[in-house]
1. Over the alpha-carbon set of the stretch 74-144, work out the extent along each principal axis and list the three values in angstrom, largest first.
2. What does the C-alpha gyration tensor say about the overall shape of the stretch 231-380? Classify as rounded when a/c is under 1.5, otherwise prolate if a/b is larger than b/c, or oblate.
3. Please list, in order along the stretch 209-226, the HN-Hα scalar couplings obtained from phi with the Karplus expression 6.51 cos²θ - 1.76 cosθ + 1.60 (θ = phi - 60°), rounded to whole Hz, x for Gly and Pro.
4. Which one of Asn177, Ile222, Ala204 has its Cα pushed farthest toward the positive end of the charge dipole of the stretch 144-247, where Lys and Arg give +1 and Asp and Glu give -1 at the Cβ?
5. When you take every Cα atom in the stretch 183-295, what is the radius of gyration, and what is Dmax, the widest Cα pair distance, in Å?
6. Apply the Karplus parameterisation 6.51 cos²θ - 1.76 cosθ + 1.60, with θ equal to phi minus 60°, to every residue of the stretch 447-462 and state each ³J(HN,Hα) to the nearest whole Hz, in sequence, with x for glycine and proline.
7. Using the heavy atoms of the protein chains alone and a 1.4 angstrom probe, what is the accessible area of the chain per residue in square angstrom?
8. What FRET efficiency would be calculated for the residue pair Asp487, Asp576, taking the C-beta separation as r and a Förster radius of 45 Å, to the nearest 0.05?
Amino acid sequence: MTSTDDLLFNPSTYDPQQFDAETTRLLKATIEWFESKGKAQLLADDQDALWVSEFLDFVRKEKLFATFLTPAAYADGDPNRRWDAARNAALSEIFGFYGLAYWYAEQVTILGLGPIWQSDNEAAKKRAAADLAEGQVMAFGLSEQTHGADIYNTDLVLTPTEPGSDDAEAGILFRANGEKYYIGNGNVASMVSVFSRRADIDGADGYVWFAADSRHEDYELIGNVVHGQMYVSNFRLTDYPVRAEDVLHTGPEAFSAALNTVNVGKFNLCHGGIGMVEHSFYEAITHANNRILYGNPVTRFPHVRGNFVDAYSRIVAMKLFSDRAVDYFRSASLEDRRYLLFNPMTKSKVTSEGEVVMTLLLDVLAAKGFEKNTYFAEVARLINTLPRLEGTVHVNVGQILKFMPNYLFDPADYPEIGTRREAGDEEFFWRQGPARGAGKVRFADWTPVYEKHADVPNVARFYEQAQALRTLLLTAAPDEGQREDLDFMLTIGHLFSLVVYGQLILEQAAIIGLDRDVLDQIFDFQVRDFNGYATTLYGKPSAGAAQREWAVGALRTPVANRERFDRVWDRVVANDGAYEMRP
């Protein structure tokens with residue numbers, strides 16, 4: 001049976017024995033760096049919107065990003081440097097636990113490295129590895145103020161140099177002109193991967209990724225577009241010289257590099273969000289269980305206990321899904337691309353669950369949740385950025401829908417994937433191939449894991465709903481008009497997401513031997529969430545009579561069990577005082 005401390009990250013007891021010695025040392029050193037700063041200083045830095053330069057000094061001293069973000073092929077003989085999705089996830093959770101700005105500095109470095117590590121430009125890759133070893137960070141120059149992250153449109157233009165000109169003689173292939181917006185680390189990045197188009201070539205054949213240097217005189221930093229520790233920059237290139245050694249990708253390959261970078265880089269959203277809500281949970285339970293109202297601890301009130309049990313169960317579910325998704329990422333290949341579904345799931349479903357958790361806890365803390373001396377207030381202000389600024393929920397759910405037919409109706413045989421926490425280098429991430437064919441990705445049969453846990457009452461109840469979704473798509477599937485109605489289809493996508501979410505939760509629960517009570521409580525909210533989306537479908541103006549009839553028939557009441565609830569509550573309240581950051 002798994003104990004409470006094993007389910008939530010706690011810096012006081014953290015012992016990542018699943019990793020090698022140097023990884024363990026660096027993870028613990030990172031925790032110690034934050035703990036030594038203390039809560040008051042971390043919060044003051046956030047409130048003062050102080051750039052994370054001290055943190056980057058620590059990164060440089062420990063070669064943290066160099067160790068975690070350099071593929072083994074460019075490790076320059078250092079056996080500890082590799083791209084290891086398991087330990088990267090652990091580091092993301094730690095960063096999120098102490099502050100989104102620290103997570104963000106690494107996150108956008110990962111994104112900036114994506115086009116570089118995927119390229120055939122050996123000079124650029126060696127430069128990136130050397131820069132990481134020196135403690136530099138990277139940036140991902142895709143978004144623009146006008147177009148957002150629309151890869152099909154970019155106003156940053158490359159103009160070819162004239163043959164025989166001074167530029168051509170100096171080895172300059174292009175002059176770049178244009179602006180980028182929402183670019184993290186754009187104030188200091190030694191290599192900014194910039195997406196552009198050639199002025200002389202139309203369409204996808206004209207796309208180009210190249211590496212720019214934020215310290216170059218033709219790179220103008222316009223400013224930070226947000227007020228915060230994160231530097232989300234707007235920059236302008238004016239006749240910026242682009243040489244052959246700067247070019248990373250051209251043509252359709254550049255388009256694929258953009259999407260494939262997102263497939264890898266934005267997976268870390270889930271673990272960063274998990275760290276944020278874990279720290280908030282500790283603050284919330286410790287405060288509420290020691291606050292006296294009407295002569296009783298606040299936690300004596302049934303609705304307060306209900307909120308805490310729900311929040312705790314949702315945090316555990318976030319971790320179960322995300323940790324299991326790591327295994328699929330580490331096992332990915334051209335023959336097994338299931339990670340392409342689990343990535344948008346972590347970006348939309350897991351991060352949205354973080355918002356739900358914070359709302360549940362804020363409804364308990366009330367005014368306390370806004371006090372400036374709490375980490376909770378910082379997270380409450382920032383938690384909603386994760387699902388909205390990284391492609392937005394509707395974009396990711398739209399992506400998820402592409403996988404639904406094969407997932408639900410056309411399973412394939414795959415070797416069983418076990419827990420992947422061994423030291424390893426995910427070199428497949430840098431050769432994912434063309435970014436197309438999502439509708440052709442196959443999945444193993446999702447039903448056996450549900451049937452295996454059918455003795456857990458709420459798992460069985462939710463499995464009935466999952467099977468009902470299949471029935472809907474067989475008997476009253478969206479018609480052509482509804483398929484063109486994104487608002488309608490997003491509801492279908494949310495219903496489908498719950499089925500996928502439940503599958504990986506169950507797989508990871510079996511791997512770690514999750515307490516049966518906690519698993520039952522998780523599927524209590526899964527049933528309720530399915531009811532909510534079914535009710536939304538019922539109320540859609542475009543829903544047909546058969547679909548409305550299905551929606552009513554798919555509703556289920558979670559299996560209530562007072563004794564089970566009380567046992568889960570005992571696990572929750574055991575976290576009172578389990579972790580409090582040094583002032």
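1. 38, 36, 21
2. It is oblate, given that a/c is not under 1.5 and a/b is not larger than b/c.
3. 9, 9, 9, 10, 10, 5, 8, 6, 5, 8, 9, 9, 7, 7, x, 8, 7, 10
4. It is Ile222.
5. Using the Cα atoms of the stretch 183-295, the pair Rg, Dmax is 21.3, 76 Å.
6. Once rounded to whole Hz, the list reads 6, x, 5, 5, 5, 4, 9, 5, 7, 8, x, 7, 5, 4, 5, 5.
7. In whole numbers, the chain has 38 Å² accessible per residue.
8. On the way: r = 43 Å, r/R0 = 0.95.
Calculated transfer efficiency: 0.55.
The values are calculated or read from the model by the stated rules, or taken from the named source; none is laboratory data. Please read all numbers here as calculations on a predicted model, not as lab measurements. Using ideal geometry, Cβ is built from the backbone for each residue, glycine included, and neighbour counts are taken over all protein chains shown. Surface accessibility is based on the protein's heavy atoms, side chains included, excluding ligands, DNA and RNA. Shrake-Rupley method; radii C 1.70, N 1.55, O 1.52, S 1.80 Å.
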